[in-house]
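**Q** Can you keep this structure in mind? I'll have questions shortly.
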Amino acid sequence: MSPDRNAPRPSGRLSRRRLLGWSTLAATALPAGVLIPAGAAGAAAPGSAAPRSAGDSIETSYQRAFQDTVAADPTVRRHTVAGREILYRPRQLLVAPPDLQRVQSRLRGWGYQVTEGVGFAGVRRLLFTQEVDVPGVVTKLRDPQQWPGQPVPLVQPHHVLVGFGNIMGNPGAPPRPAAALPAPDPSRLGEGAGVTVGVCDTGIWRRAGTVHPQWLGGSYLPETDDEDALYLSADLLALQGGHGTFVAGLVRQAAPGVRFDPETALSPTGVGDEETLTAALGRLGPEVAIVNLSLGYFTHDDQPPLPVANALAALPDRVAVVAAAGNAGTARRSWPAALPGVLAVAAVAPGGSGPVPAPYSGFGSWVDACALGDRTSTYVDGELRLPGQPALLFHGFAAWVGTSFATAHVAGRLAALMTATGLDATDAQAALLAGPPWHPDYGVLVG
């Protein structure tokens with residue numbers, strides 16, 4: 001964790017006039033980060049795996065590889081009802097503490113054998129002694145007819161999350177090898193200075209500061225438990241190994257003076273769950289002013305997730321949280337982006353006369369901002385192999401597409417706005433979002 005603390009920020013609330021003034025500054029006066037031309041396809045909609053074909057695109061091969069990994073994971077289950085897809089942990093039920101006893105009693109009355117496991121993030125965990133249809137049990141427990149004269153209990157599956165990604169995978173296309181970025185512009189080194197961004201992701205490459213001294217060196221405190229275990233063997237990369245290092249580099253491109261605190265919430269394959277995410281949030285240092293969550297998931301019945309809502313509510317009041325809207329190309333709410341107060345970020349793509357909505361991006365009234373999703377950043381050394389495709393060889397830099405990367409850019413620009421205005425993170429967020437929406441269901445465009 002980074003040892004630095006943010007400089008004191010003004011504590012007063014902002015008037016609408018001041019918000020609009022700062023919003024204009026955010027839109028016009030701050031230099032934009034490094035962008036690259038579009039070139040990768042968006043994520044495809046999830047579905048059941050089909051037989052492999054010699055003509056599979058690299059995007060299809062990447063998505064299939066992830067689906068195969070999930071299918072082989074004994075700790076992940078897929079609920080595949082169309083439009084209601086989720087990933088979840090088997091035989092686990094999460095319950096709000098006040099509802100625990102009556103839920104236990106009802107389950108036992110229905111013939112289920114359950115024991116109480118170790119809870120987390122303000123929720124209790126019940127463990128079924130054998131495999132059950134957890135989403136089906138949750139649906140039955142949420143039925144008001146089961147609780148005449150009583151409130152419906154707060155229950156949910158223990159959801160699995162991914163580094164966005166569509167519901168069954170990672171970003172729709174793999175990273176692409178790219179040339180090295182030029183050194184940071186010395187005139188921009190003050191942008192984000194004194195601000196620390198928490199990056200809850202796959203962690204950080206052990207050699208990140210050494211290989212990228214100008215971009216990442218000295219900008220974070222290396223700790224063993226923050227390292228990304230990105231290699232399957234030798235230099236063979238896991239499907240999302242290096243995602244956290246890529247995201248950290250984007251935050252620094254958008255605000256070259258910012259520090260960041262990397263925390264591991266996802267495996268190198270890009271899989272985590274509500275427990276790993278809330279644990280990562282709990283490890284963030286007290287100096288963190290902005291939290292970047294380039295990850296997310298869908299929930300059963302599209303209900304707000306109890307443990308993650310609790311964990312975010314426990315953060316200091318002045319911390320801003322920026323999260324990805326997802327790459328499923330749907331208006332279905334993605335969490336934690338759709339939680340109240342979280343800055344939800346969609347992605348745009350270059351068009352003939354300006355940016356256009358990226359076809360893979362999540363969208364809707366719950367989205368607050370958008371930015372270009374196809375970017376080049378700091379990455380790792382290694383080789384990524386996908387079935388039926390030539391090996392991809394990386395030497396420290398890559399290009400990648402997804403709302404993950406639009407999110408990291410917005411988090412960095414938010415830090416830059418803090419130093420440009422002297423605002424704290426939440427006031428800077430309000431200022432950033434005070435301008436007119438760029439496009440219906442995409443929020444404010446952040447350059």
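Here, each number is a calculation from the coordinates, and none is a lab measurement. Source: prediction; values computed, not measured. Here the Cβ is made from the backbone with ideal geometry for all residues, glycine too, and neighbour counts use every protein chain on show.
**Q** How far, in degrees from 0 to 90, does helix 16-28 lean away from the longest principal axis of the Cα atoms of the chain, to the nearest 10?
**A** 60
**Q** Also: Specify the angular offset, from 0 to 90 degrees and rounded to the nearest 10, of the alpha carbon long axis of helix 58-72 from the longest principal axis of the alpha carbons in the chain.
**A** 40
**Q** Tell me, 61, 365, 334 in order of fewest to most beta-carbon neighbours within 10 Å?
**A** Exposure proxy ranking, most exposed first: 365, 61, 334.
**Q** In what sequence do 105, 404 fall when counting other Cβ within 10 Å, fewest first?
**A** In increasing order of surrounding Cβ atoms, one gets 105, 404.
**Q** By how many degrees, between 0 and 90 and to the nearest 10, does the Cα long axis of helix 100-109 differ from the longest principal axis of the chain?
**A** Once rounded, one gets 40 degrees.
**Q** Same structure, new question: When you count, for each residue, the other Cβ atoms within 10 Å and take the mean per peptide, how do 357-364, 255-262, 117-124 rank with the highest first?
**A** 255-262, 357-364, 117-124
**Q** Let me ask something else. Which value at 222 nm does the chain reach when only helices count, each DSSP H run of 4 or more adding -39,500 (n - 2.57), with the total divided by all residues and rounded to the nearest 500 deg cm²/dmol?
**A** That calculation yields -7000 deg cm²/dmol at 222 nm.
**Q** Can I ask one more? Put +1 on the Cβ of every Lys and Arg and -1 on every Asp and Glu Cβ in segment 299-420; which of 400, 335, 300 then has its Cα farthest towards the positive end of the dipole?
**A** Projecting each Cα onto the dipole axis, the largest value belongs to 400.
**Q** Under a GNM of the chain (C-alpha, springs under 10 Å), which listed residue has the highest mean-square fluctuation: 178, 323, 248?
**A** Evaluated over the chain, the most mobile residue of the options is 178.
**Q** What order do you get for 106-116, 193-203, 214-224 when each peptide is scored by the mean count of other beta carbon atoms within 10 Å, highest first?
**A** 193-203, 214-224, 106-116
**Q** Let me ask something else about it. Quote to one decimal, in nm, the extra length available between residue 179 and residue 221 on full extension: 0.36 nm per residue of separation minus the C-alpha distance between them.
**A** Separation in residues times 0.36 nm, less the Cα-Cα distance, equals 12.5 nm.
**Q** Remind me, relative contact order of the chain in percent, using alpha carbon pairs under 8 angstrom and six or more residues apart?
**A** So the answer I get is 22 percent.
**Q** Within segment 107-123, list the residues whose amide N lies under 17 Å from a label point set 7 Å along Cα→Cβ of residue 147.
**A** Output list for this probe position: 107-110, 123.
**Q** Note down the magnitude of the dipole of the chain about its Cα centre, charges +1 on Lys and Arg C-beta and -1 on Asp and Glu C-beta and zero elsewhere, to the nearest 20 debye.
**A** It works out to roughly 840 debye.
**Q** Of the listed peptides 394-403, 380-389, 238-247, what is their order by residue-averaged count of other C-beta atoms within 10 Å, with the highest listed first?
**A** 238-247, 394-403, 380-389
**Q** Say R0 is 25 Å: what FRET efficiency, to the nearest 0.05, do residue 68 and residue 383 get from their beta-carbon distance?
**A** Approximately 0.85, to the nearest 0.05.
**Q** Same structure, new question: Considering every pair of different Cα atoms, what Kirkwood radius, in Å, is found for segment 121-249?
**A** Value: 19.1 Å, from the Cα pair sum.
**Q** Suppose every Lys and Arg Cβ carries +1 and every Asp and Glu Cβ carries -1, with no other charges. What dipole size does segment 341-447 come out with about its Cα centre, to the nearest 20 debye?
**A** The calculated dipole for segment 341-447 is roughly 160 debye.
**Q** Just need the Rg to Rh number for segment 70-175, please, alpha carbons only, Kirkwood Rh.
**A** Here Rg/Rh amounts to 1.02.
**Q** Please pull out the direction-averaged projected area of segment 347-389, using the convex hull of its alpha-carbon atoms, in nm² to one decimal place.
**A** 5.5
**Q** Of 306, 417, how do they rank once you tally other Cβ atoms within 10 Å and put the fewest first?
**A** Going from sparsest to densest Cβ surroundings: 306, 417.
**Q** Could you work out how much longer the chain between residue 189 and residue 140 gets when fully extended? Use 0.36 nm per residue separation minus the Cα distance between them, nm to one decimal.
**A** 12.1 nm
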